[in-house]
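The values are calculated or read from the model by the stated rules, or taken from the named source; none is laboratory data. Since the model is a prediction, treat every value here as computed from it, not as a measurement. We place every Cβ from the backbone using ideal geometry, glycine too, and count neighbours over all the protein chains shown.
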């Protein structure tokens, strides 16, 4: 049974946090991405809640959490502070961390910093920042697939969505990635209700607008930023990467070279799923996560 708490985090923001599983089970924080909420994990919870304490915040700007309107509220350091504030509020000295999409970006950042509170890292269709940035510069297909980021950063994009209607935006957001028929009507209604809150879309888009990621135009590659070319900390936390191989937004090139950036890496490819694999193929994701998070995978 899922319970909910409102927890204060950084900069005066309060997050809505869903919790499932025994309170004394090994804790796992799961971070969702755009344009979702804790409900990203709706298919995973029944498969893992008997073994783990699942902690699933609506990240700032999403779902039922506070939604600051200033993009300065969405910098990496602030988002990381949110993560550890949730852990502190729940008294977690050590925990495993799972992230999908933007949640994966937060998880990568936390692991790169080498925080000792993170025992294990699981990434679901979220690219390592170095590989992603390099691919946006060097790979024309990934650059083309990522032009939506530029659109999301464009001033007035919210008004364009409101003009087209949230039903149409729902179809555009998910229709290119999954069969819309697998999304129950009540889930569709929940997404649209969350997006329709005053200021919600601006808050969600602020994740893209605050990001330092460079997305060149499709036919105009730019120099690779200096931060990518320099020495980059190796992730030393045991790491599992689960990847839906039909992802049209984040291409399989994001797996190339990961072994040079992660010391203890295992990759599970899900061939018949795309970007939203946590709820498209929850059994495959849970099957990969369960032994890894419990330390039964030999690591």
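General remarks:
- The lone exception for residue 242 - which of (1) within 25 Å of residue 281 (Cβ to Cβ); (2) surrounded by fewer than 18 Cβ atoms within 10 Å (Cβ to Cβ); (3) touching a strand residue (DSSP E or B) at 6+ places or on another chain (Cβ under 9 Å) it fails: (2)
- For the range 272-289, a tally of residues being part of a loop (DSSP other than H, G, I, E, B) and under 21 Å from residue 146 (Cα atoms) returns 4.
- Criterion violated by residue 162 - all others in (1) outside any loop (DSSP other than H, G, I, E, B); (2) touching a residue at least 60 places away in the same chain (Cβ under 8 Å) satisfied: (2)
- Test: residue in the range 173-191 that is within 24 Å of residue 79 (Cβ to Cβ), touching a helix residue (DSSP H, G or I) at 6+ places or on another chain (Cβ under 9 Å), in a loop (DSSP other than H, G, I, E, B) and at pLDDT 95 or above: no
- Failed item, numbered, when residue 122 is tested on (1) under 21 Å from residue 211 (Cβ atoms); (2) within 17 Å of the chain's Cα centre (by Cα): (1)
- Members of the range 64-91 found to be out of contact with any strand residue (DSSP E or B) (no Cβ under 6 Å at 6 or more places or on another chain), within 16 Å of residue 16 (Cβ to Cβ) and not in a helix (DSSP H, G or I), listed by number: 67, 68, 90
- Residues that are surrounded by 14 or more Cβ atoms within 10 Å (Cβ to Cβ) and free of Cβ contacts under 8 Å to residues at least 24 places away in the same chain, drawn from the range 184-208: 188
- Any chance residue 252 is within 16 Å of residue 179 (Cβ to Cβ) and either surrounded by 21 or more Cβ atoms within 10 Å (Cβ to Cβ) or modelled with pLDDT of 95 or more (or both): no
- Of everything listed in (1) in contact with a strand residue (DSSP E or B) (Cβ under 8 Å, 6 or more places away or on another chain); (2) surrounded by 13 or more Cβ atoms within 10 Å (Cβ to Cβ); (3) farther than 21 Å from residue 103 by Cβ, the single unmet condition for residue 214 is (1).
- The listed residue being surrounded by 17 or more Cβ atoms within 10 Å (Cβ to Cβ) and closer than 22 Å to residue 294 by Cα, out of 65, 96, 146: 96
- Summed over the range 266-285, the residues that are surrounded by fewer than 18 Cβ atoms within 10 Å (Cβ to Cβ) and farther than 15 Å from residue 179 by Cβ give a count of 6.
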